[in-house]
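Notes follow once the structure below has been shown.
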Amino acid sequence: MPHNMTVTIEDPLWDEMRQFPEIRWGVVMKQAAIEKMEALKVLNRAVKKNKLSEKEIRDFSVNLGRKINRGK
């Protein structure tokens with residue numbers, strides 16, 4: 001069953017997004033959520049398999065996020 005979500009976009013970003021009306025921004029948001037969930041699953045698997053400190057987990061998460069943001 002599909003669910004709706006409300007996302008608040010600040011004016012400067014909204015103004016830029018409006019310059020591309022052909023883009024289905026809801027699809028973009030959905031894809032970003034999917035990618036974030038995949039990263040969190042990887043992180044959770046790594047944490048369960050290893051005895052990492054909180055700092056190591058935080059560092060791993062930050063580095064993983066950077067890699068994802070660069071386009072893998």
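Derivation of every value follows stated rules applied to the coordinates shown; laboratory data play no part. These numbers were taken from a predicted model, which means no experiment stands behind them. Cβ placement follows ideal geometry from the backbone for every residue including glycine, while neighbour counts extend to all protein chains displayed.
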Legend entry - Residues satisfying the stated conditions in the range 13-67, i.e. assigned to a helix (DSSP H, G or I) and small (G, A, S): G26, A32, A33, A39, A46, S61, G65
Inset, instruction - Filter the range 6-33 for residues that are loosely packed, with under 10 Cβ neighbours inside 10 Å and either of a type in the set (D, E) or under 15 Å from the mean Cα position of the chain (by Cα) (or both) and give the result. - result: V7, E10, D11, E22, V27
Legend entry - Pairs with Cβ under 9 Å, 6+ apart, first in the range 36-60 and closer than 18 Å to R70 by Cβ, second surrounded by fewer than 12 Cβ atoms within 10 Å (Cβ to Cβ): A39/K67
Legend entry - Failed item, numbered, when E54 is tested on (1) surrounded by 10 or more Cβ atoms within 10 Å (Cβ to Cβ); (2) out of contact with any Ser or Thr (no Cβ under 9 Å at 6 or more places or on another chain): (1)
Legend entry - Residues within the range 57-66 that are exposed (fewer than 11 other Cβ atoms within 10 Å of the Cβ) and not hydrophobic (A, V, I, L, M, F, W, C), tallied: 2
